[in-house]
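Each reported figure results from applying straightforward, stated rules to the coordinates on display, with no laboratory input. None of the values given here were measured: they were computed from a predicted structure. We place every Cβ from the backbone using ideal geometry, glycine too, and count neighbours over all the protein chains shown.
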Amino acid sequence: MKSSAWLGLALLLAAPVAHAQSHVAMTPPMGWNSWNHFACRVTAADVRGAADAIASNGMKEAGYIYVNIDDCWQGTRDAQGKIQANEKFGDIKVLADYVHSRGLKIGIYSSPGPKTCAGYEASYQHEEQDAQTYAAWGIDYLKYDWCSASRVYRPEEMPAVYTKMHDALVKAGRPIVYSLCQYGLDLVWRWGASVGGNLWRTTDDISDRYDRMSVIGFDQDGLEPFAGPGHWNDPDMLEVGNGGMSHDEYVTHMTLWSLLAAPLLAGNDLSKMTTDTLAILTNHEVIAVDQDQKGVQGRRVAQEGPLEVWAKPLADGSFAVGLFNRGQSQNPVVLNFKDIGMSGELHVRDLWLGRDVGTFRDRYEAQVPRHGAALIRVWR
């Protein structure tokens, strides 16, 4: 055999084997999850309702694709060990077909332990069987929650445990987004991608309170080296529209998550949204920051007491910049262009207002309300 042929064969053998998991979540996943609003009250009707809403209210066009069932869907296993849904859900394949018929994808939830967080049947010792079942049902997304796994595994076994389900998903042959939910334990951002994770929770659970949301979001600074296409830091689901925060606080929530290249999983009742909530969730220019093809997670570039400036480089060479006021009254927040490595005259567009606001030299200042944010795009 000629040397060139040998070289070609060697390169082929050395190349990573492509599989169904190789090309999912190349941008942060967008969709809806049942937990934040419905928790264990969720039913198949709620999931269908969410799919109907996304397909008809502009969310689908904005990029929301995944309709994810969280905990409390599981029933028992049959005589062959196959997991069954409980009476609230019936045939998951029928539900998945319905979601797919709306041009959307469907997600499901389990745990590597014997039981889920809510005490339902989980995947311990049934990993490969469950992965095959999910694929047969047409599942597109798996949230895999540590919970009771701590009863049967040691902490140092966590990467191997998550690898086990990843390998089972690969063997099942269907592209399924793999979401690791283990609350940032053991510095998961350092190894999440190596075990096949497409996203991994970096914190404990969010709640619909400004203090909780802001601590989680602003504490993501420093994790940006670990995010990129196909693997994302996950500061938990969105609370926008659940009623516990003000308009300005929800704007901060959406602005910060978009700069963080975080998964955007709405967690509210989509059938009862206000026009204000829908406008926050579907602002195309804000979402474009989150979904930017460069896949860079933003970081803090300046801080003065409760005033913070965060920046995210975008694929077209511009910067998205968030101006945040964590203080108790309206305050001016300043972007000094040198903080993003630029100087001179730059164009500025306000993404929440949807309009260009002018050309500025060396700095830009905005009045930002208490607990609020401005999001701008800056370019030369």
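Rg and Dmax in Å for the chain, alpha carbons only: what are they?
Radius of gyration, then largest Cα-Cα span, for the chain: 21.8, 76 Å.
What is the extension gain from Trp379 to Asn336, computed as 0.36 nm multiplied by their sequence separation minus the C-alpha to C-alpha distance, in nm to one decimal?
14.1 nm
Using alpha carbons only, how many angstrom separate the centre of the range 306-380 from the centre of the range 155-185?
38
Which entries in Lys88/Lys294; Lys60/Lys338; Lys60/Lys171; Lys115/Lys294; Lys82/Lys272; Lys171/Lys312 show an alpha-carbon gap greater than 32 Å?
As for pairs spanning more than 32 Å Cα to Cα, those are Lys88/Lys294; Lys60/Lys338; Lys115/Lys294; Lys82/Lys272; Lys171/Lys312.
Between 0 and 90 degrees, rounded to the nearest ten: what's the tilt of helix 247-259 against the longest Cα principal axis of the chain?
Helix 247-259 and the main axis of the chain meet at about 70 degrees.
Compute the helix-to-body angle for 127-137: its Cα long axis versus the longest principal axis of the chain, expressed 0 to 90° and rounded to tens.
80
Have a look at the DSSP beta bridges in the chain and tell me what percent are antiparallel, nearest 5.
60
For a Förster distance of 51 Å, can you work out the FRET efficiency between the beta-carbons of Lys115 and Glu304, rounded to the nearest 0.05?
After rounding to 0.05, the efficiency reads 0.60.
Once you charge only the Cβ atoms, +1 for Lys and Arg and -1 for Asp and Glu, what is the size of the charge dipole of the range 30-290 about its Cα centre, to the nearest 20 debye?
780
What list do you get for Tyr153, Tyr66 if you sort them by fewest beta carbons within 10 Å?
If I rank by nearby Cβ atoms, fewest first, I get Tyr153, Tyr66.
Which of His126, His37, His100 comes first, and how do the rest follow, when ranked by fewest Cβ neighbours within 10 Å?
Ordered by Cβ neighbours within 10 Å, fewest first: His100, His126, His37.
Quick check on the exposure proxy: order Lys312, Lys60 from fewest to most C-beta atoms within 10 angstrom.
Ordered by Cβ neighbours within 10 Å, fewest first: Lys60, Lys312.
Can you tell me how much longer the chain between Arg209 and Val24 gets when fully stretched, taken as 0.36 nm per residue apart minus their C-alpha distance, in nm with one decimal?
Full extension of this stretch gives 63.4 nm more.
Helix 3-14 against the longest principal axis of the chain: what's the angle in degrees, Cα atoms only, rounded to the nearest 10?
Roughly 90 degrees, rounded to the nearest 10.
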